[in-house]
1. Taking the Cα centre of segment 1-61 as the origin, how large is its charge dipole in debye, to the nearest 20, when only Lys and Arg (+1) and Asp and Glu (-1) carry charge on their Cβ atoms?
2. For the chain, what is the charge dipole size about the Cα centre, in debye to the nearest 20, if Lys and Arg each add +1 at the Cβ and Asp and Glu each add -1 at the Cβ?
3. Once amide H atoms are built 1.01 Å from N in the peptide plane, which residues 5 or more positions from Q71, or in another chain, come under 5 Å H to H?
4. Determine the per residue accessible area of the chain with all protein chains present and a 1.4 angstrom probe, expressed in square angstrom.
5. Assigning unit charges at the beta carbon (Lys, Arg +1; Asp, Glu -1) and nothing else, what dipole magnitude in debye, to the nearest 20, does segment 43-116 show about its Cα centre?
6. For labels at E88 and S123 in the simple 7 Å Cα→Cβ model, what's the distance in nm?
7. Compute the long axis of helix 77-89 from its Cα atoms, compare it with the longest principal axis of the Cα atoms of the chain, and write down the angle in degrees, 0 to 90, nearest 10.
8. For the chain, with all protein chains present and a 1.4 Å probe, just round the carbon and sulfur fraction of the accessible area to a whole percent.
Amino acid sequence: MTAILDTSFLFALTDRDDRNHQRVVRIAQSLNEPLVLPVVVLPEICYLIASRLGHQAMRQFVSSISLNTVQIESLTRQDLVRVHEILERYADNQLDFTDAAIVAIAERLNITRVYTLDRRDFSIVRPSHCDYFELFP
């Protein structure tokens, strides 16, 4: 089963001082499924890493992603239409663009598993292709 990666999971994986780091590392080491990294996650995670852990840590992250076997997935025009629909539907929850884009890409690729620590946003969204997302860890 293919899974999609969220910023919070990647940040906890990168930040050794994050309270979820060890748990996320154990999970990452045991992954044997194809992973999709939405391209919209890259600027967000790189900004977080650079601002909180430094530019060198961000460069190391980029290097690890480029060597990794994750599939980088772009947004399509239809995804943008769906992102707008999701943002409108969940406006009261102030769902952010990146999370809405992850949902749109997951719907298009029929992915139900999300690696995230952001349980609030991903548990309220009702995707069009399944009843709910499987959230890990």
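The values are calculated or read from the model by the stated rules, or taken from the named source; none is laboratory data. These figures come from a predicted structure and were not determined experimentally. Don't worry about glycine lacking a Cβ; one is built from the backbone with ideal geometry, like all the others, and counts go over all protein chains shown. Calculation scope for accessible area: heavy atoms of the full protein, side chains included, ligands and nucleic acids excluded. Shrake-Rupley method; radii C 1.70, N 1.55, O 1.52, S 1.80 Å.
1. Details: 6 positive and 6 negative charges, 38 e Å.
That gives a dipole near 180 debye.
2. Working: 14 positive and 18 negative charges, 73 e Å.
Charge dipole, the chain, about its Cα centre: 340 debye, nearest 20.
3. For Q71, the qualifying residues are L35, V36, L37.
4. Ligands and nucleic acids excluded, the figure is 56 Å² per residue.
5. Values: 7 positive and 9 negative charges, 63 e Å.
Here the size comes out at about 300 debye.
6. With each label point 7 Å from Cα toward Cβ, the separation is 2.9 nm.
7. Once rounded, the angle reads 80 degrees.
8. Details: 3730 of 7660 Å².
C and S atoms contribute 49 percent here.
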